[in-house]
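To keep things clear, I will list the structure first and then write my remarks on it.
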Amino acid sequence: MNEILRGFPVVVEFPIAWGEMDAQQHVNNVVYFRYIENARIAYYDKIGAWKMMEESGIGTVLASTQCRYRIPLTYPDTVSVGAKVTKVEADRFTMEYRVVSHRLGKLAAEGKGVLVTFDFRENRKTPLPEELRTNISSLEATVVEQAGAHGE
């Protein structure tokens, strides 16, 4: 499992709840987006996005999202969900996600989201603040440092 999530600076873990399954006896497709959202929020916690939004009114909106389902998840199980930023542009960044089943030890789903920087006070798109760009870069660098520390 560690190999599947290598390169992801944020990994969160969730038990699968019985109520997340649907009539086909596997976790409903919508639930994967909730797992991904929670990983994204944990990433935001690490880069200080909430504090920035509170102070400046600048945050992000989800412009697009996608999920590729690889294997069905079922109760009982626990998933680990990794989040990382793979691309930073002038007014947006792209996050990638992986959902991994503990019981099966396999990749269950992978996804991607594009987040656009938005000034909620002015109600318009805005350039990505330098502070956020720096915090993303610093967090992503921790993965490179960890790999280097392990001789990889």
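The values are calculated or read from the model by the stated rules, or taken from the named source; none is laboratory data. Treat the numbers as computed from the prediction; the structure is a model and nothing was measured. Cβ coordinates were reconstructed from backbone atoms using ideal geometry, including for glycine residues, and neighbour counts include every protein chain displayed. To get the accessible areas, we keep the full protein, side chains included, count just its heavy atoms, and leave off ligands, DNA and RNA. Shrake-Rupley method; radii C 1.70, N 1.55, O 1.52, S 1.80 Å.
Looking at (1) open to solvent by less than 40 Å² (accessible area, probe 1.4 Å); (2) farther than 30 Å from Leu128 by Cβ; (3) free of Cβ contacts under 8 Å to residues at least 60 places away in the same chain, which is the one condition that is false for Asp77?
Against the list (1) open to solvent by less than 40 Å² (accessible area, probe 1.4 Å); (2) farther than 30 Å from Leu128 by Cβ; (3) free of Cβ contacts under 8 Å to residues at least 60 places away in the same chain, Asp77 comes up short only on (3).
Under 6 Å by Cβ, and 6 or more places apart or on different chains, what pairs join a residue from region 43-67 that is more than 21 Å from Arg124 (Cβ to Cβ) with one that is in a helix (DSSP H, G or I)?
Going by the 6 Å Cβ cut-off, the qualifying pairs are Lys46/Leu139; Ile47/Asn135; Ile47/Ile136; Ile47/Leu139; Gly48/Asn135; Cys67/Tyr32.
Is it the case that Phe118 is buried (at least 17 other Cβ atoms within 10 Å of the Cβ), of a type in the set (Phe, Trp, Tyr), in contact with a helix residue (DSSP H, G or I) (Cβ under 7 Å, 6 or more places away or on another chain) and touching a residue at least 24 places away in the same chain (Cβ under 8 Å)?
Spelling it out, it is not the case that Phe118 is buried (at least 17 other Cβ atoms within 10 Å of the Cβ), of a type in the set (Phe, Trp, Tyr), in contact with a helix residue (DSSP H, G or I) (Cβ under 7 Å, 6 or more places away or on another chain) and touching a residue at least 24 places away in the same chain (Cβ under 8 Å).
Scan region 127-135 and tell me whether some residue there is open to solvent by less than 70 Å² (accessible area, probe 1.4 Å) and in a loop (DSSP other than H, G, I, E, B).
Yes, the conditions are met somewhere in region 127-135.
Inspect region 5-16 for any residue being of a type outside the set (A, V, I, L, M, F, W, C), open to solvent by less than 40 Å² (accessible area, probe 1.4 Å) and closer than 15 Å to Thr78 by Cα and give the result as yes or no.
no
Does region 42-62 contain at least one residue that is at pLDDT 95 or above, open to solvent by less than 30 Å² (accessible area, probe 1.4 Å) and in a loop (DSSP other than H, G, I, E, B)?
yes
Test Tyr97 against the stated conditions and say whether it is open to solvent by less than 40 Å² (accessible area, probe 1.4 Å) and either of a type in the set (Lys, Arg) or free of Cβ contacts under 8 Å to residues at least 40 places away in the same chain (or both).
Here the answer is no, as Tyr97 does not meet what is asked.
I'd like the full set of residues that are within 12 Å of the chain's Cα centre (by Cα), aliphatic (A, V, I, L, M) and open to solvent by 10 Å² or more (accessible area, probe 1.4 Å), limited to region 100-115.
Val114
Just give me the residues in region 23-37 being open to solvent by less than 60 Å² (accessible area, probe 1.4 Å) and under 15 Å from Gly82 (Cβ atoms), in sequence order.
Matches in region 23-37: Tyr32, Tyr35, Ile36.
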